[in-house]
2 protein chains.
Amino acid sequence: MEKKIHTIATLETNSFSAHLDEVILRDGNVGKRIRIRHPEAAAIIPFLSETDILMVRQFRYAFGRETLEIPAGKIGRGERPDACARRELMEETGHSPGAIELLYSYAPAIGYSDEIIHIFIARELTRLGTGIDEREITSLETIPIRDVKEMIKKGLIQDGKTLLAVLMMDFLGTEPA
Amino acid sequence: MEKKIHTIATLETNSFSAHLDEVILRDGNVGKRIRIRHPEAAAIIPFLSETDILMVRQFRYAFGRETLEIPAGKIGRGERPDACARRELMEETGHSPGAIELLYSYAPAIGYSDEIIHIFIARELTRLGTGIDEREITSLETIPIRDVKEMIKKGLIQDGKTLLAVLMMDFLGTEPA
């Protein structure tokens, strides 16, 4: 176990922070650790039909490029993971789900972050919104889940939560189709 | 696309850094973004036999708890991903692989990091080392891959790269057994 001595410096945005800590390492020496303090997050695989899901194309500043992803976002203060998943689906795609189901909760980057992502599956979508959140989303796409799996076989999907969501659904046999 | 105006502040350790940038958002407003600049990393699923893999138990400071993981680590300057995977396997488990094979490369945390993790499968292990790196590793465990999958079904594995490695192997049908 590593033990914090003190926090040397902190960076902050509205939604999360990064800290540089001085710590006592396992061998008794002193070292430095960067840790991201991040709220939990929710991601959602939205089934438009038994075969097709909604995905968003989005420019990711920290990653430096555009990615194809399932909708996701940070959980607000006091918000429940399932409420966050529904809200993000609405904001990013204009759709509201009937039923949603928790698929898995996992930690994407344990080396430098305390983030946990809860992945949900959404079914029985209703289109309510007229537009998508253009501050975040470049385009909204309807893609057969079979094609997403083909993209994965070709190494074309890079986003961890999207990969994990599709593979976990396949592994647990929880797909609608 | 979001465009950097300037970096306000930076945190640094020996191996990576965190930056607070002021950026122009897609709607023309100015905002702040935290980004981790991280070297690429390699993770490796080490098959000790056709049925059993080696895993490490490790305290993760940023995540604040101990996790059960496959061996992994950051790629050194000028090091190739496969060389890094072999080195980390040796350092963390004392084993050297005969053959190793790239399974997938993915981005674990596109919201705030540029990290890419290359996941390898290792076979034909030879035990060379006498000890494990006790600064990092709490214990080294030999676990049937079938048991790892059962743990996943029960939601007991939290580490993203370990989940993705096991599920991807299952999905692509690349297991030795």
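A compact table of results
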| read-out | value |
| --- | --- |
| Matching residues, region A:49-60, being buried (at least 18 other Cβ atoms within 10 Å of the Cβ) and more than 22 Å from B:Glu2 (Cα to Cα) | A:Asp52, A:Ile53, A:Leu54 |
| Checking A:Thr138 against (1) at pLDDT 95 or above; (2) in a strand (DSSP E or B), the condition it does not meet | (1) |
| Failed condition for B:Ala99, given (1) small (Gly, Ala, Ser); (2) free of Cβ contacts under 8 Å to residues at least 12 places away in the same chain; (3) more than 8 Å from chain A (Cβ to nearest Cβ) | (2) |
| In region A:144-162, residue surrounded by the fewest Cβ atoms within 10 Å (Cβ to Cβ) [restricted to those that are under 15 Å from A:Ile44 (Cβ atoms) and of a type in the set (A, V, I, L, M)] | A:Ile145 |
| Filter result (buried (at least 19 other Cβ atoms within 10 Å of the Cβ) and more than 12 Å from chain B (Cβ to nearest Cβ)) within region A:1-47 | A:Ala42, A:Ile44, A:Ile45, A:Pro46, A:Phe47 |
| Which numbered condition B:Ile132 misses (of (1) touching a helix residue (DSSP H, G or I) at 6+ places or on another chain (Cβ under 8 Å); (2) without any contact (Cβ under 8 Å) to a residue 24 or more places away in the chain; (3) of a type in the set (A, V, I, L, M, F, W, C)) | (2) |
| 1 or more residues more than 22 Å from B:Ser105 (Cβ to Cβ), within 22 Å of the chain's Cα centre (by Cα) and touching a residue at least 24 places away in the same chain (Cβ under 8 Å): qualifying strands (runs of 3 or more DSSP E) within region B:1-76 | B:30-37, B:52-60, B:65-69 |
| Residues located in region A:1-40, provided they are farther than 16 Å from B:Phe63 by Cα and among the small types (Gly, Ala, Ser) | A:Ala9, A:Ser15, A:Gly28, A:Gly31 |
| Selection status of A:Ala165, closer than 22 Å to A:Ala62 by Cβ, crowded, with 16+ Cβ neighbours inside 10 Å, of a type outside the set (S, T, N, Q) and free of Cβ contacts under 8 Å to residues at least 60 places away in the same chain | no |
| Number of positions in region B:110-133 that are loosely packed, with under 15 Cβ neighbours inside 10 Å and within 16 Å of B:Glu69 (Cβ to Cβ) | 0 |
| Condition met for A:Glu79 (assigned by TED's automatic domain parsing to the domain that holds A:Gly129 and without any contact (Cβ under 8 Å) to a residue 24 or more places away in the chain) | yes |
| Check on B:Ile143, in contact (Cβ under 8 Å) with a residue 60 or more places away in the chain, closer than 19 Å to A:Gln158 by Cα, part of a strand (DSSP E or B) and of a type in the set (Val, Ile, Thr) | no |
| Residue satisfying all of: in region B:117-160; touching a Lys or Arg at 6+ places or on another chain (Cβ under 9 Å) and among the hydroxyl-bearing types (Ser, Thr, Tyr); farthest from the other protein chains (Cβ to nearest Cβ) among these | B:Ser139 |
| Given (1) crowded, with 17+ Cβ neighbours inside 10 Å; (2) touching a Cys at 6+ places or on another chain (Cβ under 8 Å), number of the condition B:Gly76 does not satisfy | (1) |
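The values are calculated or read from the model by the stated rules, or taken from the named source; none is laboratory data. No experiment lies behind these values; they were computed from the predicted model shown. Don't worry about glycine lacking a Cβ; one is built from the backbone with ideal geometry, like all the others, and counts go over all protein chains shown.
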